[in-house]
Each structure stands twice: as structure tokens, then as C-alpha cells.
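Peer 1: Just dropping this structure here.
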Amino acid sequence: MRSTCRSCGEIHEGLPDLAFDAPYYYYTVPEPERAQRTLLTPDLCSIDDEDFFIRGCLEVPIVGRSDTFTWGAWCSVSRANFDRYCEVFDQVHQSTVGPFFGWFSSRLPTYPDTLQLKVMAHLRDHKTRPWFELETSDHPLSIDHRKGISLERLQVIYEANLHDPAAA
């Protein structure tokens with residue numbers, strides 16, 4: 001995909017995925033308190049040893065193409081499922097574990113509030129990040145996740161995320 005950005009006027013190439021470094025709730029902890037109250041790795045997060053999150057991939061088909069666009073997002077999971085994921089994290093074969101129920105924990109620009117959408121996190125083999133399956137609903141993200149998005153819609157998503165300092 002090659003497109004001229006309506007925000008900056010530059011030409012952007014390819015289909016980059018967009019990812020969030022932490023779940024939304026991590027940023028609700030005051031910055032001076034994060035070192036004491038949170039644990040954050042590229043794949044795991046806990047807050048106050050009470051709220052637990054895993055990072056995964058929400059894949060969205062692109063209408064008329066064989067490839068997909070992927071959000072690198074987060075979902076909350078129970079302590080038991082977080083502990084189980086940590087147990088198998090370094091194992092090659094993880095796909096027999098789970099899936100884990102969770103709540104979507106990333107806010108995606110250009111969508112109505114995406115926090116607390118129901119999600120199933122499916123583990124994959126070879127230490128690949130889990131894939132997220134949103135519950136079927138009338139939320140636009142759930143619809144896009146199942147039916148796909150146009151290249152024009154994808155361009156709007158890229159522009160909102162690449163030029164919004166609060167995004168991704």
C-alpha cells in the first residue's frame with residue numbers, strides 16, 4: 001500500500017501494524033508511582049498486583065486483499081490465567097493452553113471507546129504473541145474484525161495513529 005498522508009503530505013509505504021507499548025490502564029497510574037505499582041514488559045503488565053494484562057494481536061482483514069492489518073493491543077486477564085500464561089511463556093508449544101477470557105484494554109483512535117470489549121486470547125506456538133478474538137457485537141471494531149476494512153478506512157486509521165501524539 002502506498003498513500004499520500006492527508007496529515008503531513010508525505011508518502012507512506014507498506015502495511016505497518018500499529019501497537020501499544022502498554023495497556024491503557026498503565027497510563028492511569030501516575031508516572032512517579034509506576035516503578036512501585038506496576039510491572040511492564042513488552043508482553044505482560046500488572047498493576048498493584050491486582051490487575052493483569054497480556055499483549056496480543058487483533059487481526060483485521062483488508063477487503064479485497066489476502067493480507068491483514070494488525071493492532072498490537074492488550075487485554076486484561078484473571079490472575080490465574082496470567083499466572084498460567086507466565087508458566088508457558090517460554091515454551092515452544094503454547095497453543096494447547098487457553099483460550100483466556102479478557103477485556104480489551106487498549107483505546108483505538110477512530111473507534112468509539114474500545115475499552116472493556118469482550119475478548120478471547122488464543123495462545124500460539126513458537127512464542128508468537130496471542131491472537132485476540134473479539135466477541136461478536138455491533139461495536140464497529142468487532143464488525144471490522146470480522147468483516148474487514150477498506151484501504152480507505154485503513155488510511156484514516158494510519159493517519160490518526162501516526163500523527164496523534166496520544167495514540168500508539
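The values are calculated or read from the model by the stated rules, or taken from the named source; none is laboratory data. Remember, predicted model here, so these are calculated numbers, not experimental data. Note: ideal-geometry Cβ built from the backbone for every residue, glycine included; neighbour counts use all protein chains shown. The protein model used for the area step is the full one, side chains on, heavy atoms only, and it has no ligands, DNA or RNA in it. Shrake-Rupley method; radii C 1.70, N 1.55, O 1.52, S 1.80 Å.
Peer 1: Being among the aromatic types (Phe, Trp, Tyr) and touching a helix residue (DSSP H, G or I) at 6+ places or on another chain (Cβ under 8 Å): is that true of residue 52 here?
Peer 2: yes
Peer 1: Just give me the residues in the range 100-121 being out of contact with any helix residue (DSSP H, G or I) (no Cβ under 8 Å at 6 or more places or on another chain), assigned to a loop (DSSP other than H, G, I, E, B) and not acidic (Asp, Glu), in sequence order.
Peer 2: Passing the criteria: only 116.
Peer 1: Further question: Being hydrophobic (A, V, I, L, M, F, W, C) and either modelled with pLDDT of 95 or more or over 20 Å from residue 108 (Cα atoms) (or both): is that true of residue 62 here?
Peer 2: Taking the combined requirement at face value, the residue does not satisfy it.
Peer 1: Going residue by residue through the range 154-168, is there one that turns out to be open to solvent by 50 Å² or more (accessible area, probe 1.4 Å), at pLDDT 95 or above, within 17 Å of the chain's Cα centre (by Cα) and within 19 Å of residue 24 (Cβ to Cβ)?
Peer 2: Among the residues of the range 154-168, not one is open to solvent by 50 Å² or more (accessible area, probe 1.4 Å), at pLDDT 95 or above, within 17 Å of the chain's Cα centre (by Cα) and within 19 Å of residue 24 (Cβ to Cβ), which makes the answer no.
Peer 1: While we're on this one: State all residues of the range 98-110 that are under 11 Å from residue 130 (Cα atoms), open to solvent by less than 50 Å² (accessible area, probe 1.4 Å) and modelled with pLDDT of 90 or more; if no residue qualifies, say none.
Peer 2: Scanning the range 98-110 gives a single hit, 100.
Peer 1: Test of understanding: among 79, 84, 55, which residue is surrounded by 15 or more Cβ atoms within 10 Å (Cβ to Cβ), over 29 Å from residue 160 (Cβ atoms), touching a residue at least 12 places away in the same chain (Cβ under 8 Å) and among the charged types (D, E, K, R)?
Peer 2: So the residue among 79, 84, 55 that is surrounded by 15 or more Cβ atoms within 10 Å (Cβ to Cβ), over 29 Å from residue 160 (Cβ atoms), touching a residue at least 12 places away in the same chain (Cβ under 8 Å) and among the charged types (D, E, K, R) is 84.
Peer 1: Right, residue 130: under 13 Å from the mean Cα position of the chain (by Cα) and under 17 Å from residue 75 (Cα atoms) or not?
Peer 2: yes
Peer 1: Next up: Restricting the range 15-29 to residues that are within 17 Å of residue 62 (Cα to Cα) and in contact with a strand residue (DSSP E or B) (Cβ under 8 Å, 6 or more places away or on another chain), which is modelled with the lowest pLDDT?
Peer 2: Among them, the one singled out is 15.
Peer 1: Here's something else I'd like to know. Given the range 7-99, what strands (runs of 3 or more DSSP E) lie entirely inside it while holding 1 or more residues that are among the acidic types (Asp, Glu)?
Peer 2: Those strands (runs of 3 or more DSSP E) span 11-13, 51-61.
Peer 1: What are the residue pairs meeting all of these: first residue in the range 12-34, first residue of a type in the set (Val, Ile, Thr), second residue surrounded by fewer than 16 Cβ atoms within 10 Å (Cβ to Cβ) and modelled with pLDDT of 95 or more, Cβ atoms under 7 Å, and 6 or more apart or on different chains?
Peer 2: What qualifies is 29/37.
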